[in-house]
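Inspection log for the structure reproduced underneath, given as structure tokens.
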Amino acid sequence: MKHTKDISKTAAAGSAAHIMSANDRAAAGKALRDKLPRERHGIWKEFKSRPDPIGLLHKSDAGRMKNLVPIRYGRMLQSPFAFYRGSAAIMASDLSRTPNTGLKVQACGDCHLMNFGGFATPERNIIFDINDFDETSPAPWEWDVKRLVASFVLAARSNGLSDRNGRDCAETAARSYREHMREFSRMDPLRVWYSTIDAEDIMGLLPKAYRKQVSKRIEKASAGSGSELDFPKLAGTVGGQTRITDQPPLIFHPEETNAPEARATIEKLLRDYRETMPEDRRMLFDRYRFVDIAIKVVGVGSVGRNCWIVLMMSEENSPLFLQVKEAVRSVLEPYAGNSAYSHHGQRVVLGQRLMQPASDIFLGWLTGIGGRHLYVRQLRDAKIKPLVETFNAEALNFYAVMCGWVLARAHSKVSEISATISGYLGSSNDEFDEAMGKFALAYADQAEHDYAALKAAVRKGKVTVYQEP
């Protein structure tokens, strides 16, 4: 059942959108305020027919590797913020009951603050952007913004900061989104397409206390490829052969990878993946040979999904680690409509290319054993994970500016309705920002209530948990 409350099907979102001027689209957005006042976005209240959150989590366990599911719940139990990271399906259901303007973008789908970070472009420049697209699909722009702002309140609470700090950060993220959306809506499409937030932008805005630390991390990430940095941690020599090192239960070789026919099957799947890349990338890929493959448990929400790391080596024995990750239906699709792509690996890859200013050169997809949809990327390519757990109020607020900026760029990259969204949000009024602060606090309370429900389910034996050492 579709619950989305579409407020408008204006010409700005229809087939005539391409013949409207930016000013016309902005005016159409401004007119939407009469139908949906911006302050209404601040309302969140648990509704009577709300699905059981633990039931939704159990439903999302379908198709996961059963022996890994307890790890998923163990990670979610670490804190309400960790729970939030693993419960995108719950929030998608909740967001479908909230009002929206009816304006859709290519949405991230799991837009919490830990899904942003630094990584290297093909030109080897470090940029800051969204870096997780497992749930990407067209959906209302408000859903990404609301998931983002609520994550700031939960992160603030996790760091021992006050709700006032958390609300300020949520409002900052919303304000940054609103102000940058206005800037992007006035740009030539090519300028938006090429726009990036690079290391220079970050260092210029970063609080002084963090500049030295961040500068060192950027230098380290830029010093070599992610695979070169990962190799000593993930691989070694066994019986004279290079192998991925087992570190159970988080990295291990399933029995089927040792079967005599396994290598031929894997190499055939890699050839299928190769065909989804541009021809120049295929030629680069051909310079590497397959060496080994193993399961690697990653993230929170992804735990239990098939996720493999593949070790490739060049003629000179330079390593390349690829991540082959299962892609299933986006949590957004039951409420926002099906993706245009029936293959969910393709959905993830093309959604990532649409939202990012530059994407991994090894992005591609394939259909695995048993018809599983998979996508491929480098395991890590000079990635810089934000150390959010160390942030004080000033650093978290700075990070909110960056995340709102990135999200506005991602929503604007291929959509002419950015001017409509900007017209709706306005240029000088904090009404929407304040509504997002109010929503963030209310939904953070909801996430904590759901977290408590998970803890109760564990105590009653309804959910099995594995606590990592």
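The values are calculated or read from the model by the stated rules, or taken from the named source; none is laboratory data. All values derive from a computational prediction rather than experimental measurement. Cβ: placed from backbone, ideal geometry, glycine included. Neighbour counts: every protein chain shown.
Name the helices (runs of 4 or more DSSP H) wholly within the stretch 16-94 that hold at least 2 residues that are within 27 Å of the chain's Cα centre (by Cα) and closer than 30 Å to His253 by Cβ?
53-60, 69-76, 80-85
Considering only the stretch 297-306, I want to know if a residue exists there that is out of contact with any His (no Cβ under 8 Å at 6 or more places or on another chain), assigned to a strand (DSSP E or B) and not assigned by TED's automatic domain parsing to the domain that holds Arg85.
No - not one qualifying residue is present in the stretch 297-306.
Could you list all residues from the stretch 101-115 that are buried (at least 23 other Cβ atoms within 10 Å of the Cβ), touching a residue at least 60 places away in the same chain (Cβ under 8 Å) and out of contact with any His (no Cβ under 7 Å at 6 or more places or on another chain)?
Thr101, Leu103, Gln106, Ala107, Cys108, Gly109, Asp110, Cys111, Leu113
Got a sec? Which of Asp286, Asp280, Asp272 is surrounded by 12 or more Cβ atoms within 10 Å (Cβ to Cβ) and on the phi < 0 side of the Ramachandran plot?
Asp272
Every residue, every condition in (1) at positive phi; (2) touching a residue at least 60 places away in the same chain (Cβ under 8 Å); (3) among the aliphatic types (A, V, I, L, M), yes or no:
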site: Ala410; (1), (2), (3): no, yes, yes
site: Val414; (1), (2), (3): no, yes, yes
site: Ser428; (1), (2), (3): no, no, no
site: Ala442; (1), (2), (3): no, yes, yes
site: Gln467; (1), (2), (3): no, yes, no
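Going by the structure shown, is Ser176 closer than 30 Å to Thr420 by Cα, assigned to a helix (DSSP H, G or I), hydroxyl-bearing (Ser, Thr, Tyr) and touching a residue at least 60 places away in the same chain (Cβ under 8 Å)?
yes
Residues of the stretch 179-208 being of a type in the set (Gly, Ala, Ser), within 25 Å of Ala393 (Cα to Cα) and touching a residue at least 12 places away in the same chain (Cβ under 8 Å), which ones?
Once the filter is applied, which keeps residues that are of a type in the set (Gly, Ala, Ser), within 25 Å of Ala393 (Cα to Cα) and touching a residue at least 12 places away in the same chain (Cβ under 8 Å), the stretch 179-208 yields only Ala199.
When only residues in the stretch 389-411 that are surrounded by fewer than 21 Cβ atoms within 10 Å (Cβ to Cβ) and β-branched (Val, Ile, Thr) count, which is modelled with the highest pLDDT?
Across the stretch 389-411, the extreme among qualifying residues is Val401.
Regarding the stretch 307-315, can at least one residue be identified that is closer than 26 Å to Ala89 by Cα and out of contact with any Phe, Trp or Tyr (no Cβ under 8 Å at 6 or more places or on another chain)?
yes
Looking at the stretch 207-242, which of its residues are closer than 23 Å to Val297 by Cβ, crowded, with 16+ Cβ neighbours inside 10 Å and at pLDDT 80 or above?
Result: Asp230, Phe231, Leu234, Ala235.
So which residues in the stretch 231-278 are closer than 28 Å to Pro70 by Cα, in contact with a helix residue (DSSP H, G or I) (Cβ under 9 Å, 6 or more places away or on another chain) and acidic (Asp, Glu), if there are any at all?
Result: Glu256, single match.
Considering the stretch 138-173 alone, what residues qualify as being in a helix (DSSP H, G or I) and under 21 Å from Ala27 (Cα atoms)? Break it down into steps so the answer makes sense when it comes.
At the first step, the residues of the stretch 138-173 found to be in a helix (DSSP H, G or I) are 141-158, 163-173.
Within the stretch 138-173, Trp141, Glu142 meet the criteria.
Being more than 13 Å from the chain's Cα centre (by Cα) and not in a loop (DSSP other than H, G, I, E, B) is the filter; apply it to the stretch 95-117 and report the residue that is farthest from Gly29 (Cα to Cα).
Looking at residues that are more than 13 Å from the chain's Cα centre (by Cα) and not in a loop (DSSP other than H, G, I, E, B), I get Leu95.
So, in the stretch 434-469, of the ones that are in contact with a helix residue (DSSP H, G or I) (Cβ under 9 Å, 6 or more places away or on another chain) and part of a loop (DSSP other than H, G, I, E, B), which residue ends up surrounded by the most Cβ atoms within 10 Å (Cβ to Cβ)?
Val463
Has the stretch 335-344 got any residue that is surrounded by fewer than 23 Cβ atoms within 10 Å (Cβ to Cβ), hydrophobic (A, V, I, L, M, F, W, C) and assigned to a loop (DSSP other than H, G, I, E, B)?
There is at least one residue in the stretch 335-344 that is surrounded by fewer than 23 Cβ atoms within 10 Å (Cβ to Cβ), hydrophobic (A, V, I, L, M, F, W, C) and assigned to a loop (DSSP other than H, G, I, E, B).
Here's the yes/no breakdown for (1) surrounded by 13 or more Cβ atoms within 10 Å (Cβ to Cβ); (2) in contact (Cβ under 8 Å) with a residue 40 or more places away in the chain:
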| site | (1), (2) |
| --- | --- |
| Ala28 | yes, yes |
| Asp34 | no, no |
| Ile43 | no, yes |
| Phe47 | no, yes |
| Leu56 | yes, no |
| Gly74 | yes, yes |
| Leu77 | yes, yes |
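Out of all the residues in the stretch 403-433, which are part of a loop (DSSP other than H, G, I, E, B) and either in contact with a helix residue (DSSP H, G or I) (Cβ under 8 Å, 6 or more places away or on another chain) or farther than 14 Å from Ala22 by Cβ (or both)? Spell out how you get there, then give the answer.
From the stretch 403-433, those part of a loop (DSSP other than H, G, I, E, B) are 413-417, 426-430; that's our starting set.
Listed by number, the residues that qualify are Lys413, Val414, Glu416, Ile417, Gly426, Ser427, Ser428, Asn429, Asp430.
Quick check, is Thr245 closer than 29 Å to Ala294 by Cα, in contact with a strand residue (DSSP E or B) (Cβ under 7 Å, 6 or more places away or on another chain) and hydroxyl-bearing (Ser, Thr, Tyr)?
Yes.
Go through the stretch 271-313 and give me each residue that's of a type in the set (A, V, I, L, M) and within 21 Å of Asp134 (Cα to Cα).
Met277, Ala294, Ile295, Val297, Val298, Val300, Val303, Ile309, Val310
Looking for whichever is under 22 Å from the mean Cα position of the chain (by Cα) and closer than 24 Å to Asp24 by Cβ here; the options are Val414, Val401. Which one fits?
None of the other options fit; the residue is Val414.
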